[in-house]
Amino acid sequence: MERVLKDDAVEEKGERARMAAFIGAMAIADLVKTTLGPKGMDKILQSTGRGRSVTVTNDGATILKSLHIDNPAAKVLVDISKVQDDEVGDGTTSVVVLAGELLREAEKLVNMKIHPMTIIAGYRMAVECARNALLERTMDNKENIDKFRSDLMNIAMTTLSSKILSQDKEYFAELAVDAVLRLKGSTNLEAIQILKKPGGSLKDSFLDEGFILDKKIGLGQPKRIENAKILVANTAMDTDKVKIYGARVRVDSMAKVAEIEAAEKQKMREKVQKIIGHGINCFVNRQLIYNFPEELFADAGILAIEHADFEGIERLALVTGGDIASTFDNPESVKLGHCNVIEEIMIGEDKLIHFSGVAMGQACTIVLRGASEHVLDEAERSLHDALCVLSQTVNDTRVLFGGGWPEMVMAKAVDDLARKTPGKKSHAIDAFSRALQAIPTIIADNAGLDSAELISQLRAEHHKENCTAGIDVITGSVGDMQKRGISEAFKVKQAILLSATEAAEMILRVDEIITCAPRRREDRM
């Protein structure tokens, strides 16, 4: 019988395919496992490209994004961590670890000759049960503002305690909570700008109301403007000289060249007059502004800022409530941005422009200081995680305890379900509860504690009514999560549970892996 597939294509069936899928997924889970929990370690990622850039990070999604993976099942796990990062911001490591554990348990079941579909059916029942168990135990303090704020503080501190900012977590939790509460319930994190300035220590970071643009104020221009009207533009302001490149002009004397230059200058002058005609006193441009138009703006007492970066422009237009303009013929249709004061400030060695009292009241800027670029990058990632989680929590105000408590609650409920369920599904449901307990186990292992001892103590505690016990990594024992103030957002936990199970199901369904042959280049000589 002839082969159906081309020469270089590889096909793996049945056991082999399932083995490859399981092993790939478990390897990825084991890779990020050690970053889980308050005592998790960081990874250094070094790219082999130009510049050999180095990233030091603890964030599961960042680690997995940077890997180039060949195994198809591993790619599924990388994807769920990306989605978790986009959706809720935190829990990127947990979701991969949980999916890996579910597959590890499933592998044992498959070896016991239980059909994958049976396992999936059991997992489905277990997920429903686990989710309901969590729903019953959530707390919701949105009526009580002070209590809710302290919930948010706890969630921020819990999120930050596994990151580089764990030493100053109270300080940064304050920053993050203040920034998110200013948003008043919108999840648009665009309004919170994070500026990184090397120098100083992490403790020197601060929150500033308004918007800071990383630019200097031009020469001879007003250094401070009150009650500013801002025109944000993306237009070329560098056409007052004849461009030598690409322009062919035949003239018979130098005087003609001078005429052309004068015409160009006149064109520029008219454009500047049009812009001034908008009645503005601050002009921010995405592109260069040459000295001639800059001079004209300075004479008119207008602050002209050139070459603002693109993100800066979009955000500036957003927070000041203006539009980005590129033509200036009809001033009445252009929306101008407004703010109370524009002034120059110093941060460290650098001069920046500060817009305060902007139209969008919820805008603010967090300025991060730190020893080096790497520290700042990692601090920004940690803070971004905290901001994402908080902005989600402000919308969905349900809160759970942390430190392995939710996993134990779910595991207990799932265990009870397994005892009631007849048939082979009960094995799968049992396996699900073991996989859930793996997360507190790993948190304990990473802290160098005796996980077997702690988890069995924890399980015993959880058989009492309304127990709030979890793993207290700091003292290395089972502690009361309510007293320690370790909280997590319900939305994050739910996303972890559902994504991990769906990913595990998807990999479980695989029974054949076909790798295509690469296309050959034809010889067209």
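The values are calculated or read from the model by the stated rules, or taken from the named source; none is laboratory data. None of these values were measured; they are calculated from a predicted model. Glycine gets a Cβ as well: all are built from the backbone with ideal geometry, and neighbour counts include every protein chain shown. The protein model used for the area step is the full one, side chains on, heavy atoms only, and it has no ligands, DNA or RNA in it. Shrake-Rupley method; radii C 1.70, N 1.55, O 1.52, S 1.80 Å.
Of a type in the set (Gly, Ala, Ser) and closer than 22 Å to GLY404 by Cβ: which single residue out of ALA176, ALA130 fits that description?
One residue alone meets the criteria, ALA130.
Return yes when ILE313 is at pLDDT 80 or above and of a type in the set (Val, Ile, Thr) and no when it is not. Walk me through how you get there before you give the answer.
Values: at pLDDT 80 or above: no; of a type in the set (Val, Ile, Thr): yes.
No; evaluated as a whole, the condition is false for this residue.
Given the residues ILE119, ILE164, ILE155, which is the only one that is open to solvent by less than 70 Å² (accessible area, probe 1.4 Å) and touching a strand residue (DSSP E or B) at 6+ places or on another chain (Cβ under 6 Å)? Please lay out each step first, then the result.
Numbers: ILE119 fails: touching a strand residue (DSSP E or B) at 6+ places or on another chain (Cβ under 6 Å); ILE164 fails: touching a strand residue (DSSP E or B) at 6+ places or on another chain (Cβ under 6 Å).
Testing whether each residue is open to solvent by less than 70 Å² (accessible area, probe 1.4 Å) and touching a strand residue (DSSP E or B) at 6+ places or on another chain (Cβ under 6 Å) leaves just ILE155.
Just the residues that are part of a helix (DSSP H, G or I), touching a residue at least 24 places away in the same chain (Cβ under 8 Å) and among the charged types (D, E, K, R), please, taken from the stretch 139-161.
ARG149, ASP151
Got a sec? Which of PHE310, PHE283, PHE328, PHE292 is aromatic (Phe, Trp, Tyr) and touching a Leu at 6+ places or on another chain (Cβ under 6 Å)?
Answer to the check: PHE283.
Could you pull out every one of the strands (runs of 3 or more DSSP E) wholly within the stretch 320-405 that has 2 or more residues that are modelled with pLDDT of 85 or more and within 30 Å of LEU98 (Cα to Cα)?
Values: elements: 337-347, 350-358, 364-370, 398-401.
Filter on the stretch 320-405 gives 398-401.
Can you find a residue that is closer than 16 Å to ALA233 by Cβ, assigned to a helix (DSSP H, G or I) and either among the basic types (Lys, Arg) or without any contact (Cβ under 8 Å) to a residue 12 or more places away in the chain (or both) anywhere in the stretch 274-295?
Yes: the stretch 274-295 contains one or more residues that are closer than 16 Å to ALA233 by Cβ, assigned to a helix (DSSP H, G or I) and either among the basic types (Lys, Arg) or without any contact (Cβ under 8 Å) to a residue 12 or more places away in the chain (or both).
When you look at LEU77, is it in the same structural domain as ILE442 (by the TED database) and more than 25 Å from the chain's Cα centre (by Cα), yes or no?
So LEU77 fails the test.
In the stretch 184-213, what residues are assigned to a strand (DSSP E or B) and among the charged types (D, E, K, R)? Break it down stepwise before answering.
Pass one, the stretch 184-213, residues assigned to a strand (DSSP E or B): 192-199, 206-209, 211-213.
Of everything in the stretch 184-213, those that are assigned to a strand (DSSP E or B) and among the charged types (D, E, K, R) turn out to be LYS196, LYS197, ASP208, GLU209.
Identify the residue in the stretch 68-88 that is touching a residue at least 12 places away in the same chain (Cβ under 8 Å) and farther than 13 Å from ALA503 by Cβ and, among all such residues, is most open to solvent (accessible area, probe 1.4 Å).
GLU87
For the stretch 309-356, how many residues are open to solvent by 80 Å² or more (accessible area, probe 1.4 Å) and either in contact with a helix residue (DSSP H, G or I) (Cβ under 6 Å, 6 or more places away or on another chain) or not polar (S, T, N, Q) (or both)?
Residues in the stretch 309-356 being open to solvent by 80 Å² or more (accessible area, probe 1.4 Å) and either in contact with a helix residue (DSSP H, G or I) (Cβ under 6 Å, 6 or more places away or on another chain) or not polar (S, T, N, Q) (or both): 11 in total.
Just checking, which of ILE119, ILE194 is among the β-branched types (Val, Ile, Thr) and over 25 Å from the mean Cα position of the chain (by Cα)?
The conditions single out ILE119.
Please find, among GLY91, GLY199, the residue that is on the phi > 0 side of the Ramachandran plot and open to solvent by less than 20 Å² (accessible area, probe 1.4 Å).
Values: GLY199 fails: open to solvent by less than 20 Å² (accessible area, probe 1.4 Å).
Going through GLY91, GLY199 in turn, the sole match is GLY91.
Among the residues in the stretch 129-148, are any within 17 Å of the chain's Cα centre (by Cα) and small (Gly, Ala, Ser)?
Checked against the condition, which is being within 17 Å of the chain's Cα centre (by Cα) and small (Gly, Ala, Ser), the stretch 129-148 yields no hits at all.
Taking the condition of being small (Gly, Ala, Ser) and open to solvent by 10 Å² or more (accessible area, probe 1.4 Å), how many residues in the stretch 470-516 meet it?
Within the stretch 470-516, residues that are small (Gly, Ala, Ser) and open to solvent by 10 Å² or more (accessible area, probe 1.4 Å) number 6.
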